[in-house]
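Undergrad: The structure follows.
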Amino acid sequence: MKSRSGGQWIITASRRFNHPDGSFAGVVLTSIDVAYFTQFYRRFDIGPNGAVSLLNADGIMLARSRDDDGAYVGRDMSGSPLFRTMGQRPDAGAYYFKSPLDGQERLSFYQKSGRYPLVVLATKAQSDVLAPWRRQAATRFGIVTGLTLAIALIGFFLVRYLAKGQRMAAALVAKEGDFRLIAEQCSDVVMRVGLDERILYASPSCARILGWDPAKLLGSSALAGVNPEDRPRVEQVVAALKVGEAEEARIIYRANHRHKKEIWVETALRVTRSSETHEIDGVVAISRDMTEQKDLQDKLAALATSDGLTGIANRRHFDEQPAEEWARAKRDGTPVSLLLVDVDHFKKFNDQYGHQAGDACLRALARILSAQIRRPADLAARYGGEEFALLLPNTDAEGCELVGENVRRALRDLGMLHALNLPSKIVTVSLGGATNMPSEGAMDCGSLVAAADHALYAAKDSGRDRLVMSGQVVAWPGAKSA
């Protein structure tokens, strides 16, 4: 809106604030001069024709970096393709359009605010974006054209003045030279391997990626540095190439480094053939270090199965684990136990002490559950909200009850204040435990979760701050669950 006092365009923002008892105490209102955003956005270097715009969720222009006189403020952009399809788009993404303000083709990135009904649109003129590429393309085209003409002239003179045998020899030499030039300038490791799996050539980048001098690798086995666990798989691929079952292959494996720990390597393999007989005479291998990418993939996989607040397994990971442990216990004839843990009156705790204290409480409980994990198959997970789960394979009912009581006592020993949790006035938990013995014809793993859930509700109904076991459920073919 326009300011009544100064007449300039302003953006207003308001926020309610409350009394300590939660009742309405008033409203804070502030106004921001549109010129502030215009000057602020100019600090970003997005090209001579770039612009940054601030719009509300309805498509009304609030501020634009290239707008000294405010001509664009208040402009309705709701009819543009971006806002017509905003409901179908993600909260942020790239956007290509022809600007209705200046008619230029633009490449942009938009971001919707997660808190306010605002959209920020940063754009660069397509001509600005493509200008460096066009200059480079012209330079490269000239170089390629010159090289092509040079090669054509050389080929012409070779064809004219050399005999058939000389031409063939020159072509072979040129081919070998080109291969070495490409191999020695390439950042990846390039190797030529004979049919006896001995290295015939290794490029200089071998020293950087594998830590070995290429000259010292000549004549050695190409598979010597492959991890023993991965070696059978690599040998199988190489054998298939040598007998002509495939022309090329790609494989990822672990390899020894001379100075560092093991690294992950991705290798592309392609057979080579004799120019005279056209029979397979070896393999060309191009390898690159994939360790950082592999580590990143592992970290992403860990994030996908971990709870962001507590750091223990999330619900997705937990949902996959019981079925695996149930099947293993069924094969081994061992019991499976499950504890469901729920913080007593957690909503009241959050209302009384705030969400930060609530998060700290959940993290403390997660640490206690993690401390109870003694074996690789044990799993502590955040089941949902303030509810947690502890999966205990190969654990009978007595062991499950012991672990549950350890969790309950450990949390009480922390003595976290919870004035609304009577009568203890400290943070406590209710626990439901269940133990099943899988066997042929018995219930599935869902019965274990259901039994623990019923036991948890029984613990709550019995006064909370306690562990209730559903009782050991022994299953055998043809028997009913107890």
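Undergrad: Taking helices (runs of 4 or more DSSP H) that fall entirely within the stretch 205-249, which contain at least 3 residues that are at negative phi and within 31 Å of the chain's Cα centre (by Cα)?
TA: Fully inside the stretch 205-249 and qualifying: 206-209, 231-242.
Undergrad: Still on this model: Can you say whether Asp359 is farther than 18 Å from Gly433 by Cβ, at pLDDT below 90 and surrounded by fewer than 16 Cβ atoms within 10 Å (Cβ to Cβ), as far as the supplied structure shows?
TA: Spelling it out, it is not the case that Asp359 is farther than 18 Å from Gly433 by Cβ, at pLDDT below 90 and surrounded by fewer than 16 Cβ atoms within 10 Å (Cβ to Cβ).
Undergrad: Being of a type outside the set (Val, Ile, Thr) and touching a helix residue (DSSP H, G or I) at 6+ places or on another chain (Cβ under 6 Å) is true for just one of Ala215, Ala246, Ala222, Ala285. Which residue is that?
TA: Ala246
Undergrad: Something else: Looking at the structure I just gave you, is Leu402 among the aliphatic types (A, V, I, L, M) and either crowded, with 22+ Cβ neighbours inside 10 Å or within 20 Å of Arg315 (Cβ to Cβ) (or both)?
TA: No, not satisfied.
Undergrad: May I pose another question? Go over the candidates Leu411, Leu392, Leu456, Leu402 one by one and state the one that is in a strand (DSSP E or B) and modelled with pLDDT of 90 or more.
TA: None of the others qualify; the one that does is Leu392.
Undergrad: Something else now. Evaluate the following for Gly446: is it at pLDDT below 90, in a loop (DSSP other than H, G, I, E, B) and surrounded by fewer than 13 Cβ atoms within 10 Å (Cβ to Cβ)?
TA: Working: at pLDDT below 90: yes; in a loop (DSSP other than H, G, I, E, B): no; surrounded by fewer than 13 Cβ atoms within 10 Å (Cβ to Cβ): yes.
Spelling it out, it is not the case that Gly446 is at pLDDT below 90, in a loop (DSSP other than H, G, I, E, B) and surrounded by fewer than 13 Cβ atoms within 10 Å (Cβ to Cβ).
Undergrad: Might you check whether a residue that is touching a Phe, Trp or Tyr at 6+ places or on another chain (Cβ under 7 Å), modelled with pLDDT of 85 or more and within 29 Å of Met1 (Cα to Cα) occurs anywhere in the stretch 122-143?
TA: Scanning the stretch 122-143 turns up at least one residue that is touching a Phe, Trp or Tyr at 6+ places or on another chain (Cβ under 7 Å), modelled with pLDDT of 85 or more and within 29 Å of Met1 (Cα to Cα).
Undergrad: Looking at the stretch 1-21 only, could you name the residues that are closer than 30 Å to Gln352 by Cα and either among the hydrophobic types (A, V, I, L, M, F, W, C) or in contact with a helix residue (DSSP H, G or I) (Cβ under 9 Å, 6 or more places away or on another chain) (or both)?
TA: Matches in the stretch 1-21: Ala13, Phe17.
Undergrad: When you check Ser337 against the structure, is it closer than 30 Å to Pro438 by Cα and in contact with a strand residue (DSSP E or B) (Cβ under 9 Å, 6 or more places away or on another chain), yes or no?
TA: Yes: the conditions hold for Ser337.
Undergrad: On the given criteria, is Gly47 at pLDDT below 85, surrounded by fewer than 16 Cβ atoms within 10 Å (Cβ to Cβ) and not aliphatic (A, V, I, L, M)?
TA: Yes; evaluated as a whole, the condition is true for this residue.
Undergrad: In the stretch 338-356, what count of residues is obtained for those that are under 25 Å from Leu448 (Cα atoms) and surrounded by fewer than 16 Cβ atoms within 10 Å (Cβ to Cβ)?
TA: Summing the residues that are under 25 Å from Leu448 (Cα atoms) and surrounded by fewer than 16 Cβ atoms within 10 Å (Cβ to Cβ) in the stretch 338-356 gives 0.
Undergrad: Which residues, counting only those in the stretch 320-337, are touching a Ser or Thr at 6+ places or on another chain (Cβ under 8 Å), surrounded by 15 or more Cβ atoms within 10 Å (Cβ to Cβ) and not in a helix (DSSP H, G or I)?
TA: Pro335, Val336, Ser337
Undergrad: Which residues, taken from the stretch 45-98, are closer than 19 Å to Gly114 by Cβ and of a type outside the set (A, V, I, L, M)?
TA: Across the stretch 45-98, the qualifying residues are Ser53, Asn56, Asp58, Gly59, Phe83, Gly87, Gln88, Arg89, Pro90, Asp91, Gly93, Tyr95.
Undergrad: Can you pull out the residues in the stretch 289-311 that are of a type outside the set (Val, Ile, Thr), at pLDDT 80 or above and either surrounded by fewer than 17 Cβ atoms within 10 Å (Cβ to Cβ) or in a loop (DSSP other than H, G, I, E, B) (or both)?
TA: Across the stretch 289-311, the qualifying residues are Asp307, Gly308, Leu309, Gly311.
Undergrad: On to the next question. Among the residues in the stretch 411-431, are any more than 20 Å from Ile312 (Cβ to Cβ) and touching a Ser or Thr at 6+ places or on another chain (Cβ under 7 Å)?
TA: yes
Undergrad: So, one more: Picking from Gly87, Gly7, Gly79, which residue would you name as being assigned to a helix (DSSP H, G or I) and surrounded by fewer than 12 Cβ atoms within 10 Å (Cβ to Cβ)?
TA: Details: Gly7 fails: assigned to a helix (DSSP H, G or I); Gly79 fails: assigned to a helix (DSSP H, G or I).
Being assigned to a helix (DSSP H, G or I) and surrounded by fewer than 12 Cβ atoms within 10 Å (Cβ to Cβ) holds for just one of Gly87, Gly7, Gly79, which is Gly87.
The values are calculated or read from the model by the stated rules, or taken from the named source; none is laboratory data. It should be emphasised that the depicted structure is a prediction, and the values quoted were computed from it without experimental measurement. Every residue, glycine among them, receives a Cβ derived from its backbone with ideal geometry; neighbour counts consider all protein chains shown.
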